[in-house]
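Novice: This is the structure, below, for whatever I ask next.
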Amino acid sequence: MKTRRQAAILDLINENAIETQEELLNRLKEKGYNVTQATVSRDIKELRLLKTLSNDGKYRYTSYSKSVSEATQNITGFINRSIISIKLAQNIVVIKTLAGMANAICASIDSVDFKGVLGTIAGDDTIFIVCTDNDKAADFVFEIKKYL
């Protein structure tokens, strides 16, 4: 059931400009899937879906390959348009974003294999990135700033 539901999600986002989890939830229910918001949220995370800016200026869910080069290309737009500041505190990087964009940017960052990144946490407008050491954190900041 999970595999079919996730395949349906991928079909839905490829065929429609889906902007919110609620819209995705409603489309799944229309297709006969009895799901909750929590299930849709888990599926989004497992499928590594990202919100990207479409040609009409709205953000929509999209899926990306896990390859580093393709994922790196795809985070450029997010970072360039959505990051307000990046600050370094020893081995922790704090990124401030536009309201509501932290989760999407964090998912983009997670999709790239940045050396030395142990993990990320996103709120509404803040991302915490924990690196293995101070040097790796500085390297990460340098890499992210390339996209600004």
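The values are calculated or read from the model by the stated rules, or taken from the named source; none is laboratory data. Everything numeric here is computed off the predicted structure, so don't read it as measured data. Virtual Cβ from ideal backbone geometry, glycine too; neighbours counted across all protein chains shown.
Novice: When both residues are 6+ apart or on different chains and their Cβ atoms are under 7 Å apart, which pairs have a first residue that lies in the range 53-64 and is in contact (Cβ under 8 Å) with a residue 12 or more places away in the chain, and a second that is surrounded by 11 or more Cβ atoms within 10 Å (Cβ to Cβ) and polar (S, T, N, Q)?
Specialist: Tyr59/Thr52; Arg60/Thr52; Arg60/Ser54; Thr62/Thr52; Tyr64/Asn74; Tyr64/Ser111
Novice: Further, regarding this structure: Could you grab me the full set of residues in the range 95-133 that are in contact with a Leu (Cβ under 8 Å, 6 or more places away or on another chain) and of a type outside the set (Ser, Thr, Tyr)?
Specialist: If the condition is that a residue be in contact with a Leu (Cβ under 8 Å, 6 or more places away or on another chain) and of a type outside the set (Ser, Thr, Tyr), then Ala104, Ala107, Asp125, Val130, Cys131 are the ones that fit.
Novice: I need the full set of residues from the range 87-138 which are surrounded by 16 or more Cβ atoms within 10 Å (Cβ to Cβ) and either among the acidic types (Asp, Glu) or at positive phi (or both), in order please.
Specialist: Of everything in the range 87-138, those that are surrounded by 16 or more Cβ atoms within 10 Å (Cβ to Cβ) and either among the acidic types (Asp, Glu) or at positive phi (or both) turn out to be Asp110, Gly116, Asp125.
Novice: From the list Ser54, Ser108, which residue is modelled with pLDDT under 90, polar (S, T, N, Q), closer than 30 Å to Lys2 by Cα and in the same structural domain as Gln21 (by TED's automatic domain parsing)?
Specialist: Step by step, each of Ser54, Ser108 is checked, and only Ser54 is modelled with pLDDT under 90, polar (S, T, N, Q), closer than 30 Å to Lys2 by Cα and in the same structural domain as Gln21 (by TED's automatic domain parsing).
Novice: When you scan the range 2-19, do you find a residue that is loosely packed, with under 11 Cβ neighbours inside 10 Å, in contact with a helix residue (DSSP H, G or I) (Cβ under 9 Å, 6 or more places away or on another chain) and part of a helix (DSSP H, G or I), even just one?
Specialist: Yes, there is a match, as at least one residue in the range 2-19 is loosely packed, with under 11 Cβ neighbours inside 10 Å, in contact with a helix residue (DSSP H, G or I) (Cβ under 9 Å, 6 or more places away or on another chain) and part of a helix (DSSP H, G or I).
Novice: Hey, does the range 59-68 have a residue that's at pLDDT below 65 and in a helix (DSSP H, G or I)?
Specialist: Checked the range 59-68: at least one residue is at pLDDT below 65 and in a helix (DSSP H, G or I).
Novice: So the check is Cβ under 8 Å with 6+ separation or different chains; which pairs have a first residue in the range 88-113 that's assigned to a strand (DSSP E or B) and a second one that's polar (S, T, N, Q) and at pLDDT 80 or above?
Specialist: Val94/Thr126; Ile95/Ser85; Ile95/Thr126; Lys96/Ser85; Lys96/Thr126; Thr97/Ser82; Thr97/Thr126
Novice: Looking at Ile18, Ile44, Ile9, Ile13, which is the one that is touching an Asp or Glu at 6+ places or on another chain (Cβ under 6 Å), hydrophobic (A, V, I, L, M, F, W, C) and closer than 27 Å to Val112 by Cβ?
Specialist: Ile9
Novice: Let me ask something else about it. In the range 31-47, how many are in contact with a helix residue (DSSP H, G or I) (Cβ under 7 Å, 6 or more places away or on another chain), free of Cβ contacts under 8 Å to residues at least 24 places away in the same chain and part of a loop (DSSP other than H, G, I, E, B)?
Specialist: Total meeting the criteria: 1.
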